[in-house]
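Derivation of every value follows stated rules applied to the coordinates shown; laboratory data play no part. All of these numbers come straight from a predicted model, not from anything done at the bench. With ideal geometry, Cβ positions are generated from the backbone for all residues, glycine too; neighbour counts draw on all protein chains shown.
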Amino acid sequence: MNRARAYTVTLYLLTLATSALPVNPCNAENTAKIPMTLIAIGARYGTNAVTDKAGAFDRVDIFWSWRSPFAWEFTPGWDIGARMNASVGALHGQGETGAVGTLVPTLAIGDTGNGFSFEAGVGAALFSKWQYGTTDDFGGPLQFILDLGVNYRVFEHFGLGYRLQHWSDGGIHGVDNRGVEMHMLEFSYRF
């Protein structure tokens, strides 16, 4: 797949996905009336210094999480459903800083009684800067994300979470690019 086609497909998918997202939070009773329900907003901090000492990056962002009306209770107290996570933030490394935005559809399994949820998804990220210093080159602005996360609702409206995100260009910008694994802590307000 060439770059122009990859950008066009990604832009189309991002436009299609975001056109169905509401801007107002709603409660569970209204879920069937709208395509998606805003369930959380929050902030994240992440680093790859845990696994990559040579080219350490730090990332901060704010995020939004929407729940799809398509969820199923597969055993009493546990459900499985689709979510859409979006974020906007900054990536800092090699003394340089750039902006990053993500859109990641996930599949979530949740414990409705105790507030645990586990998520896994694959999505896209757009970077304003993809070359940091002389050694770190992600290849281009479009990156693919593999996202694994666990969340816990500590209080009625406040949650904590951990996310492992791997991003790379999947070879669309050539073969001589690096991928990154970010370890991220998140703090959320849950509706």
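Miscellaneous remarks
- Extending 7 Å from Cα along the Cβ direction at V88 and again at V50 yields two label points whose distance is 2.8 nm.
- Summing Cβ point charges (Lys, Arg +1; Asp, Glu -1) relative to the Cα centre of the range 39-153 gives a dipole of roughly 180 debye.
- For the range 155-191 versus the range 33-98, the gap between their alpha-carbon centres in whole angstrom: 6 Å
- Stretched out straight at 0.36 nm per residue, the stretch from I80 to L107 would grow longer than its current Cα-Cα span by 9.0 nm.
- For the peptides 99-109, 71-81, residues were scored by their other Cβ atoms within 10 Å and the scores averaged per peptide; the highest-first order is 99-109, 71-81.
- Two-site FRET efficiency, Y152 against W72, from Cβ-Cβ distance with R₀ of 22 Å, rounded to 0.05: 0.50
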